[in-house]
Amino acid sequence: VKGLEGRYEYWEKKLQGALLFLPDKPEETVESTLRSLWCTACGHPVSAQKALGLTSLPALDPLAEEKLASLVEQRVQGKPLAHLTGRQSFLGLELMSGDQALIPRKETEILARTAMEILARVAAEVDHPLVIDVCTGCGNIALALACNVQGARVFGCDLSADAVSLAGRNAELLGMAGRVVFRTGDFLAPFETGDFLGTVSMITCNPPYISSAKVEVMDKEISGFEPRLAFDGGPLGVRLLVRLLTEAPRFLVHGGWLCFEVGAGQGAVMAKRVERTGHFDSVQTVADASGTPRVVIARRAQT
Ligand SMILES: C[S@@+](CC[C@H](N)C(=O)[O-])C[C@H]1O[C@@H](n2cnc3c(N)ncnc32)[C@H](O)[C@@H]1O
């Protein structure tokens with residue numbers, strides 16, 4: 001920030017102590033917040049993650065500084081950073097973000113990375129493997145898979161037409177509109193056709209998995225700005241997870257993979273439930289850095 005030290009320090013001081021950082025957005029700090037708001041004010045919106053990697057910041061003219069003051073104020077009042085910048089980074093992809101869909105979380109990169117590794121192995125053996133990302137939101141997982149695994153044919157779907165519209169715009173932004181198709185509908189209903197039944201190599205899903213009671217007491221920065229549909233998993237939080245175990249087997253080819261995210265504390269129970277369906281083998285969990293299982297993977301049994 002050479003030459004801009006005075007103004008940078010001024011705004012840094014304004015933010016210090018005025019911001020509350022949520023644990024599910026570990027990439028947000030005073031530095032990444034100020035850098036991304038600064039760039040946004042100058043007409044070059046970037047995510048917190050991308051802002052940290054920039055070697056210089058644009059010059060801040062008086063008009064841009066007025067804009068920065070307004071952005072800082074809105075952030076201090078609790079508006080999510082990704083809604084102010086309109087950007088969120090996911091596995092290195094710079095995506096558009098807004099109130100149409102959940103802001104992709106860093107923790108979901110565990111699911112996307114795990115799915116990517118498995119899909120790369122599948123793609124080495126199967127031509128153009130078919131993938132469905134159900135509950136796709138802004139399309140982050142579907143797009144990460146399509147961008148990183150050559151040849152994969154990726155579909156995403158969501159009950160929210162607003163989320164699907166944002167996902168489509170993200171596909172265009174990344175130049176992936178021809179490779180990833182997004183559909184609107186309830187869970188796997190948009191794929192109830194012969195093309196998909198028994199032919200899908202991988203289903204990924206980051207469903208709503210928070211109990212309705214917990215949704216009521218979520219931090220205002222989340223509940224006040226992000227869609228409730230993205231969080232509310234019913235009275236026990238597992239309504240969509242249970243549907244996934246029941247509905248996914250019909251779509252998966254034998255040997256195909258189911259990969260899904262679970263809430264902290266749900267991993268062991270959900271892995272057991274997957275085993276008990278009798279439709280899967282190789283059931284495993286993947287843990288986060290603290291050792292908490294956050295992803296379940298399972299292979300569609302041959303029989
Ligand atoms: C936790 S968010 C995940 C969004 C995105 N995949 C991500 O990882 O950031 C859950 C998503 O499920 C969608 N959803 C909720 N109920 C659904 C249903 N019955 N059928 C399809 N999608 C649903 C919500 O609209 C929301 O986009």
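Any residue that is in contact with a Cys (Cβ under 8 Å, 6 or more places away or on another chain) and touching a residue at least 60 places away in the same chain (Cβ under 8 Å) - is there at least one of those in region 211-228?
no
Residues being over 15 Å from T204 (Cβ atoms) and touching a Cys at 6+ places or on another chain (Cβ under 7 Å): count how many of those fall in region 135-167.
2
Quickly run through region 185-220 and pick out the residues that are within 17 Å of the chain's Cα centre (by Cα) and either more than 15 Å from the ligand (Cβ to nearest atom) or of a type in the set (S, T, Y) (or both).
Result: T204, Y209.
Is it the case that some residue within region 185-196 is crowded, with 20+ Cβ neighbours inside 10 Å, assigned to a loop (DSSP other than H, G, I, E, B) and hydrophobic (A, V, I, L, M, F, W, C)?
Yes; the residues of region 185-196 include at least one that is crowded, with 20+ Cβ neighbours inside 10 Å, assigned to a loop (DSSP other than H, G, I, E, B) and hydrophobic (A, V, I, L, M, F, W, C).
Would you confirm whether or not region 288-299 contains a residue that is more than 13 Å from C205 (Cα to Cα), under 17 Å from the mean Cα position of the chain (by Cα) and among the small types (G, A, S)?
Scanning region 288-299 turns up no residue that is more than 13 Å from C205 (Cα to Cα), under 17 Å from the mean Cα position of the chain (by Cα) and among the small types (G, A, S).
Please identify the pairs in which a residue from region 148-170 that is over 12 Å from S97 (Cα atoms) has its Cβ atom under 9 Å from the Cβ atom of a residue that is in a helix (DSSP H, G or I) and β-branched (V, I, T), counting only partners at least 6 apart or on another chain.
Once the first residue is over 12 Å from S97 (Cα atoms) and sits in region 148-170, its partners that are in a helix (DSSP H, G or I) and β-branched (V, I, T) give V149/V122; A152/V122; G156/I141; G156/V164; C157/V164; D158/V164.
State all residues of region 228-240 that are charged (D, E, K, R) and either near the ligand (Cβ under 6 Å from one of its atoms) or touching a helix residue (DSSP H, G or I) at 6+ places or on another chain (Cβ under 8 Å) (or both); if no residue qualifies, say none.
Listed by number, the residues that qualify are R228, D232.
Answer with yes or no whether Q74 is closer than 24 Å to T108 by Cα and modelled with pLDDT of 95 or more.
For Q74, the condition - closer than 24 Å to T108 by Cα and modelled with pLDDT of 95 or more - is not met.
Kindly indicate which of F225, F191 is among the hydrophobic types (A, V, I, L, M, F, W, C), touching a helix residue (DSSP H, G or I) at 6+ places or on another chain (Cβ under 8 Å) and modelled with pLDDT of 95 or more.
F225
So which of A101, A123 is buried (at least 24 other Cβ atoms within 10 Å of the Cβ) and not hydroxyl-bearing (S, T, Y)?
So the residue among A101, A123 that is buried (at least 24 other Cβ atoms within 10 Å of the Cβ) and not hydroxyl-bearing (S, T, Y) is A101.
In this structure, is Q266 more than 25 Å from V215 (Cα to Cα) and within 23 Å of the chain's Cα centre (by Cα)?
No: the conditions fail for Q266.
Listed here are the residues, each with its yes/no results for (1) β-branched (V, I, T); (2) at pLDDT 95 or above; (3) away from the ligand (no atom under 15 Å from the Cβ).
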site	(1), (2), (3)
P80	no, yes, no
L84	no, yes, yes
Q88	no, yes, no
M96	no, yes, no
I103	yes, yes, no
E109	no, yes, no
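Within region 274-302, track down each residue that is in contact (Cβ under 8 Å) with a residue 24 or more places away in the chain and among the polar types (S, T, N, Q).
Those that are in contact (Cβ under 8 Å) with a residue 24 or more places away in the chain and among the polar types (S, T, N, Q): T277, T292, Q302.
Mind checking which pairs have a first residue in region 51-68 that is within 20 Å of E28 (Cβ to Cβ) and a second that is in a loop (DSSP other than H, G, I, E, B), Cβ under 7 Å, 6 or more apart or different chains?
Note: pairs meeting the criteria are L57/V1; L57/L4; L68/L60.
The values are calculated or read from the model by the stated rules, or taken from the named source; none is laboratory data. Since we're looking at a predicted model, the values are computed, not measured. FYI the Cβ positions are ideal-geometry reconstructions off the backbone, even for glycines, and counts take in every protein chain you see.
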